[in-house]
Amino acid sequence: MGHQDGTALGWKGKEGLPSGGPSTHEINLADLSKGWSKQGGQVKVVKPPLPSPDKRWKIIDAKMRKMGYQPHALIETLHAVQESFGYLDEVALRWVAKSLRVPPSKVYGVSTFYNFFTLKPQGAHTCVVCLGTACYVKSASKILEAIEVFTKIKPGETTPDRQLSLLTVRCIGACGIAPAVVYDGNVSGRVTPEQATEKLKGYFSHAS
């Protein structure tokens, strides 16, 4: 993956600020400053809330906490986000910027500079197959193979009609319901190869 234009995420220019519009998720330095407060001349970090109840955010937050929410943890944190979700989207980038007290322009710059980071896929829908240990021993590889055959794409790719982007992650924290697949952000557990492809048929039938 090469560089991508920041405007795709609502970021604008070197200041790292988003373009306007009421529907845009705003990312700005004033917003970031809400996570800081001064006490006795020292800066105290007020940790931003998790973006959602999804367990994967807790896993990422735990990694940042281990590193003291320090700015130098940026690359490792972005790795954790991608390993958990399969890609970096606007919500994740904003949250990481606030949590680590890093300018949003730097977070976006790092996420687009390194080829091993992937911004939000271009497909109308996303299918993320978990390949963590618990899922793998319960035949997650067969689920992935069935999806590849059905969609004719590999992980990291999007179907020609841009209806579906296929991704894989290391672990989503849903080991108790392995094997798991995440469809458009919703986790489905104990999935079979047949169920996986049947779910995807609905995406393509609605588009036709």
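Among the listed residues 120, 138, 142, 106, which satisfies the condition of being farther than 22 Å from residue 185 by Cα and among the basic types (Lys, Arg)?
Values: 120 fails: farther than 22 Å from residue 185 by Cα; 138 fails: farther than 22 Å from residue 185 by Cα; 142 fails: farther than 22 Å from residue 185 by Cα.
Testing whether each residue is farther than 22 Å from residue 185 by Cα and among the basic types (Lys, Arg) leaves just 106.
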Exactly one condition in (1) under 26 Å from residue 190 (Cβ atoms); (2) touching a strand residue (DSSP E or B) at 6+ places or on another chain (Cβ under 6 Å) is false for residue 132; which is it? (2)
Can you tell me which condition residue 76 does not meet? The list is (1) in contact (Cβ under 8 Å) with a residue 60 or more places away in the chain; (2) assigned to a helix (DSSP H, G or I), and all the others hold. (1)
Counted residues, segment 53-86 - those being of a type in the set (Ser, Thr, Tyr) and modelled with pLDDT of 95 or more: 2
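Go through segment 82-129 residue by residue and tally those that are of a type in the set (Asp, Glu) and either free of Cβ contacts under 8 Å to residues at least 60 places away in the same chain or in contact with a His (Cβ under 9 Å, 6 or more places away or on another chain) (or both). Full working, then the answer.
Going through segment 82-129, the residues of a type in the set (Asp, Glu) turn out to be 83, 89-90.
Still in the list and also either free of Cβ contacts under 8 Å to residues at least 60 places away in the same chain or in contact with a His (Cβ under 9 Å, 6 or more places away or on another chain) (or both): 90.
Count: 1.
Kindly provide the set of residues from segment 112-147 that are of a type in the set (S, T, N, Q), under 17 Å from the mean Cα position of the chain (by Cα) and within 29 Å of residue 200 (Cα to Cα), ordered by number. Walk me through how you get there before you give the answer.
Looking only at segment 112-147, we keep the residues that are of a type in the set (S, T, N, Q), and these are 112, 115, 118, 122, 126, 133, 139, 141.
Next, only the ones that are under 17 Å from the mean Cα position of the chain (by Cα) stay: 112, 115, 118, 122, 126.
Answer for segment 112-147, where residues must be of a type in the set (S, T, N, Q), under 17 Å from the mean Cα position of the chain (by Cα) and within 29 Å of residue 200 (Cα to Cα): 115, 118, 122, 126.
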Answer yes or no: is there a residue in segment 10-32 that is in contact with a strand residue (DSSP E or B) (Cβ under 7 Å, 6 or more places away or on another chain) and at pLDDT 95 or above. no
Restricting segment 92-119 to residues that are aliphatic (A, V, I, L, M) and under 14 Å from residue 77 (Cα atoms), which is surrounded by the fewest Cβ atoms within 10 Å (Cβ to Cβ)? 110
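The values are calculated or read from the model by the stated rules, or taken from the named source; none is laboratory data. Everything quoted here is computed from the prediction, not taken from an experiment. Positions of Cβ are generated from backbone atoms using ideal geometry, with glycine treated the same way; all protein chains shown enter the neighbour counts.
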